[in-house]
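Trainee: This is the structure I have questions about; it appears just below.
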Amino acid sequence: VTYSSHLGISVTSVSLLSPRSRLHLICLCCLSPSRKTVEESQRSRRRRTLMPRERSESMSSSSIYFTASAGVASLCDDSEVGYSTAYSNTDKDDEDDGRDSEEESCATVLTLRQDEEEDDEDAGLMEDCLTDIPSPELALLLTQCDLLHAGDSGKKAEGFHLLMENRPLYADNVEFMWRLARACSDMCETADNREEKRNYAEQGHYEAEAALTRNGLSADCHKWFAILARVSSQYESIHGKLKSGRVLKEHLDRALALRDDDPICFYLLGRWCLEVSSLGWLERKTAATLYETPPTSSLNEALENFLKAEELNPGFSKTVRLYIAKCHKELGNMSEARNWVQLAVSTPAGANEVNMLFIVYC
C-alpha cells in the first residue's frame, strides 16, 4: 500500500502484477531518491580544476653567482675566465632544472588529464545506468502497459498506442524499448492482413534490436529480440527462416543464462528443438550449406524444455501441455500422452502470452 501510494497507482493494480514486477516497483521507489545524490556527486567531481604548479626562480641564483664572480674579478687577473666558466655552468644547471621542472609539470598535467578522462568515462557509464532507471512517472507508465498487455486485444492495442505516444520522451530507456517491441508483437497478432502483420513485425524487430544494443545484459531484451526476429522471418525465404532460427536459439540461451525462471523462453526453446528434430531433407541440405555445423536437436530435448516451462508455471498454458502430449505420442509413450491431453482439455483457455506466440509462430 505504501509503495502504491508513492507511485500514485491503486492497490488493486499492483495486486494484479507478478511478485517480480511488484519487487521491481519497490526497487524503483528506493532508487529514485538516490538518483539525485548520484547526479550531484558527478557534478561536484567535474568541478575539479588543475592547481597551478609553483616553479623556482632560477634567475635569482644566477644573479647571486654573478655578484660573487664580480667581487673575485677585482682581485685576480684571470677573473674573466673564472666568471665565464662559472656562468656557463650556472646556465647549464638552470636549463637542466628548468627542463626537469617542465617535464615534471607536463607529467603531472598528463596524469591529471588521464584521471579526468577516466572520471568522464565513469560518469558517462553512470549516466547511462541512471537513464535506464525509470523515473516514478515512467514506472507508472510501464506498470500500466504491463496491465494492458495482460488484457484482451483491445487492451493490447491501447497499450501499444500509449507507448507510441510517449516514445519521444522515453525512446532511450531500455525498459520502455523492449515493452514497445512486445507491444508490436501484440499488434502483429491482432492485425487483419499480411502487410500489417509484416509492418508490425519489422517495427518490433527494430525496437528490440535497439534495446539489445543499449543493454546486452537484459534478459527481456534478448527474449523479445529472439521472438521478433522469429516473427519477422516468417515473411522471408527458407534461408531467412533458418538464420532466424539460429538467432532465436542464441538469444534464448543468453536470456536464460541471465534469468533461468522464464517459462516463455523454455517454451520457445522447446519449439525450436521440435522444429529442428523434424527438419525435412531440403531444410537439412540448406542448413548444411549455410553453417559448418548445422543445428541438431531431438524430441527428448524438446520434451525436457516443455516440461521445464510447465514446472516453472504449472497450468499457465493449454498450448504447453498439448506440446508435451505431442512429444510423448511421437516417443511412443501413449499413456503419458493421454494424461497430458486430459490436462490440456481441463486447462482454461486464456489470453496469455504463450497462446499469442503459438498463433504468431505458426
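Trainee: Considering L180, L138, L148, which residue is assigned to a helix (DSSP H, G or I), open to solvent by less than 70 Å² (accessible area, probe 1.4 Å), modelled with pLDDT of 90 or more and within 20 Å of L217 (Cα to Cα)?
Mentor: That would be L180, the only listed residue that is assigned to a helix (DSSP H, G or I), open to solvent by less than 70 Å² (accessible area, probe 1.4 Å), modelled with pLDDT of 90 or more and within 20 Å of L217 (Cα to Cα).
Trainee: Additional query: Output yes when any residue across the range 265-280 is β-branched (V, I, T) and within 21 Å of the chain's Cα centre (by Cα), and no when none is. Give the steps one after another, and end with the answer.
Mentor: Narrowing the range 265-280 to residues β-branched (V, I, T): 276.
Retained after the next criterion (residues that are within 21 Å of the chain's Cα centre (by Cα)): none.
Taking every residue of the range 265-280 in turn, none turns out to be β-branched (V, I, T) and within 21 Å of the chain's Cα centre (by Cα).
Trainee: Check off (1) under 19 Å from H205 (Cα atoms); (2) not in a helix (DSSP H, G or I) for A229 and give me the number that stays unchecked.
Mentor: Only one criterion is unmet by A229, namely (2).
Trainee: Next question, about the same structure. Tally up the residues in the range 294-319 that are open to solvent by 50 Å² or more (accessible area, probe 1.4 Å) and among the aromatic types (F, W, Y), please.
Mentor: 0
Trainee: Is there any pair with a first residue in the range 201-229 that is farther than 14 Å from A171 by Cα and a second that is open to solvent by 10 Å² or more (accessible area, probe 1.4 Å) and of a type in the set (D, E, K, R) whose Cβ atoms are under 6 Å apart and which are 6 or more apart or on different chains, and what are they?
Mentor: Taking only residues 6 or more apart or on different chains, the pairs are A219/R259; H222/R254; W224/R182.
Trainee: Which members of the range 199-224 meet the condition of being open to solvent by 20 Å² or more (accessible area, probe 1.4 Å) and either under 25 Å from A257 (Cβ atoms) or at pLDDT below 90 (or both)? Break it down into steps so the answer makes sense when it comes.
Mentor: Step one: filter the range 199-224 for residues open to solvent by 20 Å² or more (accessible area, probe 1.4 Å), giving 199-200, 202-203, 205-206, 209-210, 212-217.
Those that are open to solvent by 20 Å² or more (accessible area, probe 1.4 Å) and either under 25 Å from A257 (Cβ atoms) or at pLDDT below 90 (or both): H205, Y206, E209, A210, L212, T213, R214, N215, G216, L217.
Trainee: Any chance you could count how many residues in the range 261-306 are in contact (Cβ under 8 Å) with a residue 40 or more places away in the chain and part of a helix (DSSP H, G or I)? Write out each step before concluding.
Mentor: At the first step, the residues of the range 261-306 found to be in contact (Cβ under 8 Å) with a residue 40 or more places away in the chain are 261-268, 270-271, 274, 282-283, 286-287, 290-291, 295, 306.
Among the residues that remain, those that are also part of a helix (DSSP H, G or I) are: 263-268, 270-271, 274, 282-283, 286-287, 290, 306.
Looking only at that region, the number is 15.
Trainee: Taking the options D253, D220, name whichever one is of a type in the set (D, E, K, R), part of a helix (DSSP H, G or I), under 19 Å from the mean Cα position of the chain (by Cα) and more than 30 Å from K285 (Cα to Cα). Walk me through it before giving the result.
Mentor: Working: D253 fails: more than 30 Å from K285 (Cα to Cα).
Sole residue among the options that is of a type in the set (D, E, K, R), part of a helix (DSSP H, G or I), under 19 Å from the mean Cα position of the chain (by Cα) and more than 30 Å from K285 (Cα to Cα): D220.
Trainee: Are any of the residues in the range 162-170 open to solvent by less than 70 Å² (accessible area, probe 1.4 Å) and closer than 24 Å to H251 by Cα?
Mentor: The answer is no, given that none of the residues of the range 162-170 is open to solvent by less than 70 Å² (accessible area, probe 1.4 Å) and closer than 24 Å to H251 by Cα.
Trainee: Which residues, taken from the range 273-307, are under 17 Å from L252 (Cα atoms) and of a type in the set (G, A, S)? Don't jump to the end; show me each part of the working.
Mentor: Going residue by residue through the range 273-307, those that are under 17 Å from L252 (Cα atoms) are 273-276, 295-297, 301-307.
Matches in the range 273-307: S297, A302.
The values are calculated or read from the model by the stated rules, or taken from the named source; none is laboratory data. Because the structure is a prediction, the values reported are computed rather than measured. Here Cβ is always computed from backbone atoms with ideal geometry, including for glycine, and neighbour counts include all displayed protein chains. Accessible surface areas use protein heavy atoms only, side chains included; no ligands, DNA or RNA. Shrake-Rupley method; radii C 1.70, N 1.55, O 1.52, S 1.80 Å.
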